[in-house]
Amino acid sequence: MTASPRYIEVAVALPVYNTYTYRVPQNLLEFVSIGKRALVPFGRRVVTGYILGDKTKIQHDDIKTILDILDEKPLFPASMIPFFKWTSDYYIHPIGDVIKCALPGGLNLYDFTTLSLTAKGEAARIEKSVTPLEGQILKQLMTRSCRFKDLDKHFKENIPKALLQSMERRGLIVLKRELKGGSTKTKMERYVSLTNADIPLTKLSEARKKIIESIKDQSEISVKKLTALVPSASKLIKILEQAGYVTIFQKKMYRDPFGEPILPDKAHQLTKEQNHAISTVIKSLGQKFTTYLLTGVTGSGKTEVYMQIAAIAMQKGFSVLVLVPEIALISQMERRFRARFGDCVAVLHSGLSPGERYDQWIRISRKEVNIAIGARSAIFAPFVDIGLIIVDEEHDTSYKQESGLKYNARDLAIVRAKLNDSVALLGSATPSLQSYHNTATKKFKEITLTKRVEKRPLPEITVIDLRKSRDVRGVQRFITPELHHAMETTLQRGEQVLIFLNRRGFASFPVCSLCGQSIQCKNCDISLTLHQRANAYKCHYCGFSRASVSNCTHCGSSKIRLLGLGTEKVEETIKAIFPNAKVARMDRDTTRHKGSIRKILKDLRNQSIDVLVGTQMVAKGHDFPNITLVGVICADLSLNFPDFRAGERTYQLLAQVAGRAGRGAVPGRVILQTYNPDHFSILSATKQDFLTFYNAEIAFRKSLEYPPFSRMAQLKISGIDKDKTRQHALAVGDLCHTLKQSCPSTFTTLEILGPIEALLSKIARRYRWQIILKSRSVQSLHQFLHQVWFNNKNISHNRSVIVMLDVDPFLMT
């Protein structure tokens, strides 16, 4: 009697919203388990799928069979599947793509079609017995085979598939399907061990003796390490293996993502407030889902609180996940945790190579580590027994992913904690309005640290009104006499200075002196920025660049005025003013290469840098005791941005960067330059007074029904053709208004803003429109979005215009 067939639920790594049922063949039954990848047929294609579980209710018999199982062990536990499904449903994103986004890159296999020229096709091309387009295609295939996509790119148009199929039927070309992908694999390294201990060394050469002795010392040794000791080892070990003295074998290795070794430390003495915070949180560990918001002044010792709670969580048998907003901060947090907890710490972030990230993921999934530290993508770390999720600097907008799956890692941290009956601990000296409002409504529990550790004082903040120096020329326009004097005295004392300007480049607004036109990006509706070290004007949105010697594109003049400034210009100016100071810069331009962030922070820690100039990367959570002066070049850059969160972001940025000063034994000072000294965001930041800011800002949000008093979603519409994009945006707007009018009672609180051109109306050659949907009811908003998205396929499935959905958007540009 044959066993009944087994069926499984599979999510495919494609932009489709459903899961699919597949049959498991007899020869693969023992290899199937939840969390593994399977190679499955999908339409005419072969793609990677993720096994989500068994299917018992089968509606029809026409079910395809899986082709292969791709993993030895599961990549994620079964407990993560409800989390993946929640994420897919809330952000209205295909579940297969959610899992693909969660996993390390480079794992999945896809098939693709290649086109090759036949002898008959070559003859037809020479005889010119084909159409002109067919002749061009055959000519392109003369040198090598190519993919559909490459052919479209070469001809800069979509080649009809029907034409290619016709050419195949006539024998002119051959279409062949091939598998591609799976570039990230386990790293294997050759090792050598002795076959027995009694080896007659007297008969061996000195080099071979050294090899045998080295293996004896370590029982087994890598060929790489052995070659460093004996350069000819690679050849000699083969001879020794043939003689029966050694065995050469492959061993799985983890790629090391860490830098230098770190000296261990021990738990610090706690303040009364820190003790209270720890005792409050640990009461909930392993008991029930709770979200805590840990607020307090900068330098109040939140990281020490995190580490001591993490230690208790691990003692209770739980794993700990720590999220930080930027890769720059991971280095510092990783050092602190590794010094305390040693090798049981893994890291996950985009700065790792695909292989390193894969290795760290495998270490977590195999329960070889108890702590994972990472940026937003680490929220998907494959822990089974997660008991504590820490979100440091929870207010930071970097937790929001702006491409692909547009998730907010802070929000997902709370969801994952709830699904696992765990504790979510959010921390910030400048909490988001959303989170602080949740403490007011009792959704979160607030814990406050009101004093810096070791009774260190908050920095003294001096506000400089830039309106008084508006007509000043030269360096003093942005390095005021007060800031210059403060830097001079600080450097004379051997202390360090941090200079903050949230704009990179040298000149942010180059203008033609003759015609007055700005130097514009050819792909975007934005001016280029001069990057002097790269000798180029660059677009910060699409990456387009022009040589710095380029003339005006409107009138041809070579006389370009370099208006505006950025961190590169500030760095050059400070080097000229203080020629003996060691000046460094930390922004996206100087931290592109792997290890560059770590090097800058190491130099700062070792006091090899006197003055660090940087963008918002330097404002977040760094702890360098010898920085005693912080200078803010212009506090207003984010203040007048057309976004309802502009005031909140300005307050957070200024309060955070001010908090970098005076974190050691010497008191700190902040020079804050602004054109708006009376704005409540700036006044609150100078006083480090979050409550005053919160009370003013929350009243504004409530009166306009902006978050946290409503939920929002954004429909982003973009296309190459300006008129088609506009028409599609208006059509989507009409559909939204019609849907609302058809169900007035269901969508009574829903507000539709737009369609309207985006603030940046063109980026990367695409014209951009947007529609904002706002509702007091999250259920009503999601019901509306599902009807718009799934009941009107022509909206999202348009070849010339793309519509993207962003739930809980951050950027309104």
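The values are calculated or read from the model by the stated rules, or taken from the named source; none is laboratory data. Please read all numbers here as calculations on a predicted model, not as lab measurements. Note: ideal-geometry Cβ built from the backbone for every residue, glycine included; neighbour counts use all protein chains shown. Surface accessibility is based on the protein's heavy atoms, side chains included, excluding ligands, DNA and RNA. Shrake-Rupley method; radii C 1.70, N 1.55, O 1.52, S 1.80 Å.
Summary table below
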{"item": "Spatial separation of Cα centroids for the range 490-544 and the range 334-391, in angstrom", "result": "36 Å"}
{"item": "Cβ-isolated cysteines (cut-off 4.7 Å), the chain", "result": "101, 146, 344, 542, 634, 736, 743"}
{"item": "Distant-in-sequence amide H partners of residue 347 (H built 1.01 Å from N, under 5 Å)", "result": "373"}
{"item": "Per-pair calculated FRET efficiency, R0 = 22 Å: residue 250 and residue 205 via Cβ, rounded to 0.05", "result": "0.25"}
{"item": "Stokes-Einstein D for the range 389-495, Kirkwood Rh over Cα pairs, 25 °C, 0.890 mPa s (µm²/s)", "result": "135 µm²/s"}
{"item": "Debye log10 I(q)/I(0) at q = 0.14, 0.23 Å⁻¹ for the range 645-706, Cα point scatterers", "result": "-0.44, -0.95"}
{"item": "Cross-link reach list, aspartates and glutamates versus residue 594, counting only Cα pairs under 19 Å and skipping chain neighbours closer than eight places", "result": "256, 260, 326, 334, 356, 359, 603"}
{"item": "Protection-proxy order for peptides 715-727, 558-570, 440-452, each taking the mean of Cβ atoms within 10 Å per residue, highest first", "result": "558-570, 715-727, 440-452"}
{"item": "Heavy-atom accessible area per residue - the range 420-534, 1.4 Å, Å²", "result": "48 Å²"}
{"item": "Space enclosed by the convex hull of the alpha-carbon atoms of the range 37-129, per residue, Å³", "result": "208 Å³"}
{"item": "Sites residue 777 and residue 802, calculated FRET efficiency, Cβ-Cβ separation with R0 25 Å, nearest 0.05", "result": "0.30"}
{"item": "Sorted largest first, extent of the range 644-778 alpha carbons per principal axis (Å)", "result": "63, 40, 25"}
{"item": "Cα Rg, Dmax, the range 506-656, angstrom units", "result": "17.4, 53"}
{"item": "Low-density loop positions, GluC sites (Glu not before Pro), the range 380-418 - DSSP coil, at most 15 other Cβ in 10 Å", "result": "402"}
{"item": "Whichever lysines have a C-alpha closer than 22 Å to that of residue 216, once near sequence neighbours (fewer than 8 apart) are set aside", "result": "203, 224, 225, 235, 238, 251, 252"}
{"item": "Over the range 562-637, relative contact order from alpha-carbon pairs under 8 Å, at least 6 apart, %", "result": "31 percent"}
{"item": "Those lysines that a straight Cα-Cα span of less than 27 Å connects to residue 156, excepting residues fewer than 8 apart in one chain", "result": "120, 128, 139, 176, 180, 522, 538, 716, 722, 724, 762, 793"}
{"item": "Highest average packing first - 66-75, 605-614, Cβ atoms within 10 Å", "result": "605-614, 66-75"}
{"item": "Ranked packing of 297-309, 332-344, most packed first, by mean Cβ within 10 Å", "result": "297-309, 332-344"}
{"item": "Apportionment of accessible area to carbon and sulfur, the chain, percent (1.4 Å)", "result": "51 percent"}
{"item": "Debye intensity ratio I(q)/I(0), log10, the range 698-799, q values 0.10, 0.14, 0.20, 0.25 Å⁻¹ (C-alpha model)", "result": "-0.30, -0.57, -1.02, -1.31"}
{"item": "For the range 265-276, Karplus couplings with θ = phi - 60° (6.51, -1.76, 1.60), whole Hz, Gly/Pro x", "result": "10, 10, 4, 7, 5, 9, 7, 4, 5, 5, 4, 5"}
{"item": "Mean separation of Cα contacts under 8 Å (6+ apart) over length of the chain, as relative contact order %", "result": "9 percent"}
{"item": "Gained length - residue 33 relative to residue 577, 0.36 nm times residue gap less alpha-carbon distance", "result": "189.3 nm"}
{"item": "Listed candidates (i) 31.7, 101; (ii) 30.4, 96; (iii) 33.8, 116 - label of the one calculated as Rg and Dmax of the Cα atoms in Å", "result": "(ii)"}
{"item": "Global geometry of the range 757-803, whether rounded, prolate or oblate, following the gyration tensor of its Cα atoms and the 1.5 cut on a/c", "result": "oblate"}
{"item": "Rounded, prolate or oblate (a/c below 1.5 giving rounded, otherwise prolate when a/b exceeds b/c) for the range 256-351 by Cα gyration tensor", "result": "prolate"}
